[in-house]
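*Asks:* Below is the structure I would like to discuss, written out as structure tokens.
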Amino acid sequence: MRGRVGAAAVRSLVTCRVAAVAVAFVVALGTCGAIIAVGWPREALAGSPPASGPSTSASTSAAPTGTAASEPKARPTAPPARTTTPAAPPLAVRAAALIEESSGDELYGQSSNAELAIASTTKLMTALITLEHTRLSRVFADPNYHPAAEDSQIGLEPGERMSVHDLLLAMLLPSADDAAVDLAYNVGHGSVSRFLGMMNAQARRLGLTHTQYMTPSGLDTPGNHSSATDLVDLARYLLQTQPFFKAVVRTTHAVLRTGNRVRAVVNLNDLVAHYSWINGVKTGHTLDAGYVLVASGTQGGMTLIDAVLGTSSEAARDANALALLNWGFANFGLRTPVHAGAVLARPGVTGGKPGASVRLIAASTYTHVFPKAAKVRLRVTAPAQLAGPLARDTQVGSVAVLEGRRVVTRIPLLLNTGLPQIKKPKSIASVMVVSATLFALLVAAGAVIGLTMFWREWTRGTRGGRPKSTKAR
């Protein structure tokens, strides 16, 4: 009997120790769970970080400022119609066009794509090919050109040697046909036909789709034609790319010092002499073309270029060209509604400190010609919230420039500084909830293990404590 009691005590002691070990094991696991939960970032507990907030838009008016020049570029073939175009003046011309020089935007057109005879404005392309293919200091010999009776000339003699510099002055100011043929023959390496091929190839490169050259001088020749639009575009290209040309066409007179004798020449574009703001470009006249003028002028930092074709006289030529330029300056102006680097939006930072934001800046400056009566405004589209990581200069929005309801252009908005990923502070409440849940699960598991072991020991002890049989064997 004493032995059975002792054995039962031993088994009870072992069971208690096992239960104690199980409880200790549960407590240890719970502690580890709490430590792990504290170390976990909130994002891991709550799911992936929130995406950037919804886009927002804002509109602001744009005040006129400054000017800016652009590289020569093709004008859109069909620019969006303006909603505030002022009424144009009546012109007595076969065709006319007016553009703003820095952008190439067409402000006015009357039969502007009609293919017409253009007289000596043909020499604009003759000048361009010459300037692109030879030096001003080179000296050419006259190719024994025989001028027609209606030619404008400086009287070059066969074999007379004159510099390219002076030949260009003679061709652009008094519109000398013999100087034009001299240049074409020599730049074409002894072939006027080869030079004409160069002229037509350049016209195609520049997108002058209504232009064809059959003569370097502009005398009435079948197939030699252009349009008002092509003439202003060609003049714009020359003014932007050829400094020598730009300087010459704004002068009133010049002296030719090479050749067999000194010659004084006068600019046939008399608007240059009468108006200080007129700075070019080229006159022309033949029986087929009538009186033609490509003119340019600058006021208030803006340059306009116009062309009038088929006028009836020099006076009508000048009056129509001047009226179109005056109308342009009276009704249009350059504005810069967007400046590169200007801060146009400040979205918040997801997970950042209260009030934290980043700056979105305009990627480029935009200068454009607008009607002076036009209402110009900006419409900014950008996220309300941003979440990192995002690199500096990442495009995260845009600004639209509107003239009335018409969108003129859109400019990207860039992130001014890099935005790192922001880790949110851990929530004590979330950590406690996770820890408590994990601890409860572990306690339950430990209790099951302990009870199972206790039951096994108890069952084993009950079987071992049964009284032995007293029956004799």
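*Asks:* Subtract the Cα-Cα distance of Gln395 and Thr252 from 0.36 nm times their separation in residues, and report this length gain in nm to one decimal.
*Replies:* Value of the extension gain: 46.4 nm.
*Asks:* Tell me, what ³J(HN,Hα) does each residue in the range 285-293 have, in order and in whole Hz, if you take phi through Karplus 6.51 cos²θ - 1.76 cosθ + 1.60 with θ = phi - 60° and put x for Gly and Pro?
*Replies:* Residue by residue, the range 285-293 yields 7, 8, 5, 6, 7, x, 9, 10, 8 Hz.
*Asks:* Please list, in chain and number order, the residues 5+ apart from Val408 or on another chain whose amide H is under 5 Å from its amide H, with Hs placed from the backbone.
*Replies:* The list, which skips near neighbours in sequence, is Val401, Leu402, Glu403.
*Asks:* Please give, to one decimal in nm, the separation of the simple spin-label points placed at Arg204 and Asn416, each 7 Å out from Cα toward the Cβ.
*Replies:* Reported label-point gap for Arg204 and Asn416 is 5.1 nm.
*Asks:* Add +1 for every Lys or Arg and -1 for every Asp or Glu among the other residues with Cβ under 12 Å from the Cβ of Val255, and state the total.
*Replies:* +2
*Asks:* Gln212 to Lys372: extension gain in nm, 0.36 nm per residue of separation minus the Cα-Cα distance?
*Replies:* Extra length from Gln212 to Lys372 when fully extended: 53.9 nm.
*Asks:* Over the range 292-348, average the accessible area per residue using a 1.4 Å probe and give it in Å², no decimals.
*Replies:* Averaged over the residues of the range 292-348, the accessible area is 29 Å².
*Asks:* Sort Leu268, Leu219 by heavy-atom solvent-accessible area, probe 1.4 angstrom, most to least.
*Replies:* Order by accessible area, largest first: Leu268, Leu219.
*Asks:* Could you provide, to the nearest whole Å², the per residue accessible area of the range 209-263 with probe 1.4 Å? Write out the running numbers ahead of the final one.
*Replies:* Working: 2300 Å² over 55 residues.
For the range 209-263, the solvent-accessible area averages 42 Å² per residue.
*Asks:* Taking K and R as +1 and D and E as -1, what net charge do the other residues with C-beta under 15 Å from the C-beta of Leu390 add up to? Before the final figure, lay out each step's value.
*Replies:* Values: positive: Arg346, Arg359, Arg392; negative: Asp393.
So the environment of Leu390 carries a net charge of +2.
*Asks:* On to the next question. Between Asp270 and Arg138, what length in nm is gained on full extension when 0.36 nm per residue of separation is reduced by their alpha carbon distance?
*Replies:* Difference between extended and current length: 44.6 nm.
*Asks:* Sequence gap at least 6, Cα distance under 8 Å: using those rules, report the relative contact order of the range 150-207 to the nearest whole percent.
*Replies:* 28
*Asks:* Tally Lys/Arg at +1 and Asp/Glu at -1 over every other residue whose Cβ is under 12 Å from the Cβ of Ala95; what's the total?
*Replies:* Once all neighbours under 12 Å are counted, the net charge is -2.
*Asks:* Treat each spin label as a single point 7 Å out from the Cα along the C-beta direction, and report the Asn260 to Ala356 distance in nm.
*Replies:* 8.6
The values are calculated or read from the model by the stated rules, or taken from the named source; none is laboratory data. Keep in mind that what you see is a predicted model, and the values were worked out from it rather than measured. Neighbour counts are summed over all protein chains in view; Cβ atoms, including those assigned to glycine, are modelled from backbone coordinates with ideal geometry. Protein only, heavy atoms only, side chains kept; ligands, DNA and RNA dropped before computing areas. Shrake-Rupley method; radii C 1.70, N 1.55, O 1.52, S 1.80 Å.
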